[in-house]
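See structure below.
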Amino acid sequence: MTTSQQQSRPELRERIRGALESQRTDKERVPSITVLSSLLAVQDDLHYIPDEAIEETAIFCNATINDVWSVASFYTNFRFTPPGMTTVDVCWGPTCHLMGAQKVLDAVQDELGVDSEETSADGKITLRYSTCLGACAQAPVIARDHVLKGRANPDSARQYISDLQQELENGIAH
Ligand code: FES
């Protein structure tokens, strides 16, 4: 059962509205509220953009559904399906690329049995590509739910995914 199915639609809308409203009290991070900042606020909270978020963002920003959808579909970082239980980011930014990120990415994809930014067949781990995880000095970098692991190589990346799968299997991952 997916996150969206577990959460009733009214509850989901409430959570989306809460994420949108939170921008008003975070002036440092969100100096001006836009359709883009609103979609980012929702994705930060839910880790994806459900259909309801398009509608709620349109209402919140006094924009049309088309306006919101055109912004949401333009940026490749937005995802429209619920993520797995945990997310693994692999950086393929310039520094990581030079330091061997492609081989790390190949190893991670192979371990997860995916070909691109997808969720593993068991629904547990979602792979995302990052353009920079902000730790270039430790390139190549991978991260699990924003916790970084630097100086990765194909073997350590395979082990990392294997350990994570084991943790999730045993129900001890957080
Ligand atoms: S380019 Fe990978 S962490 Fe910056």
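Each value in this text was obtained by applying a stated rule to the coordinates, not by laboratory testing. From a predicted model like this one, the values you see are computed outputs, not experimental measurements. Every residue, glycine among them, receives a Cβ derived from its backbone with ideal geometry; neighbour counts consider all protein chains shown.
Sequence gap at least 6, Cα distance under 8 Å: using those rules, report the relative contact order of segment 86-170 to the nearest whole percent. Can you show the working numbers first?
Numbers: 141 pairs, mean separation 32.4, N = 85.
38 percent.
Note that the chain carries a Kirkwood radius of 17.3 Å, evaluated over its alpha carbons pair by pair. For the residues GLN43, GLN109, GLN138, a GNM of the chain with alpha-carbon springs under 10 Å puts the largest fluctuation on GLN138. When both bridge partners sit in the chain, DSSP labels roughly 55% of those beta bridges antiparallel.
Could you tell me which of PRO82, CYS96, HIS47 has its Cα farthest along the dipole of the chain towards the positive end, charges placed at Cβ (Lys, Arg +1; Asp, Glu -1), taken about the Cα centre? The residue sitting farthest along the positive end of the dipole is CYS96.
Report Rg/Rh for segment 86-170, rounded to two decimals, where Rg is the Cα radius of gyration and Rh the Kirkwood radius.
Computed over Cα atoms, the ratio is 0.94.
Roughly how many Å is it from the Cα centre of segment 129-174 to that of segment 12-33, as a whole number? The distance from the Cα centre of segment 129-174 to that of segment 12-33 comes to 29 Å.
For segment 28-141, a simple Cβ point-charge model (Lys and Arg +1, Asp and Glu -1, everything else neutral) yields a dipole of about 360 debye relative to the Cα centre.
Springs between Cα atoms under 10 Å define the GNM used for the chain, and in it the highest mean-square fluctuation of TYR75, TYR48, TYR129 occurs at TYR75.
By the rule of a C-alpha distance below 17 Å, with chain neighbours fewer than 8 residues away ignored, the lysines paired with LYS103 are LYS149.
Between the helical axis of 51-61 and the longest alpha-carbon principal axis of the chain there is an angle of about 50 degrees.
Annotation for segment 14-120: GluC sites (Glu not before Pro) lying in DSSP loop with at most 11 further Cβ atoms inside 10 Å of their Cβ are GLU28.
For segment 1-70, which trypsin sites (Lys or Arg not before Pro) pass both filters: DSSP loop (anything but H, G, I, E, B) and at most 15 other C-beta atoms within 10 Å? Provide the component values of the computation, followed by the final result.
Working: sites: ARG13, ARG15, ARG17, ARG24, LYS27, ARG29; in loops: LYS27, ARG29.
Answer by residue number: LYS27, ARG29.
The Cys residues in the chain with no partner Cys Cβ within less than 4.7 Å of their Cβ are CYS61, CYS132, CYS136.
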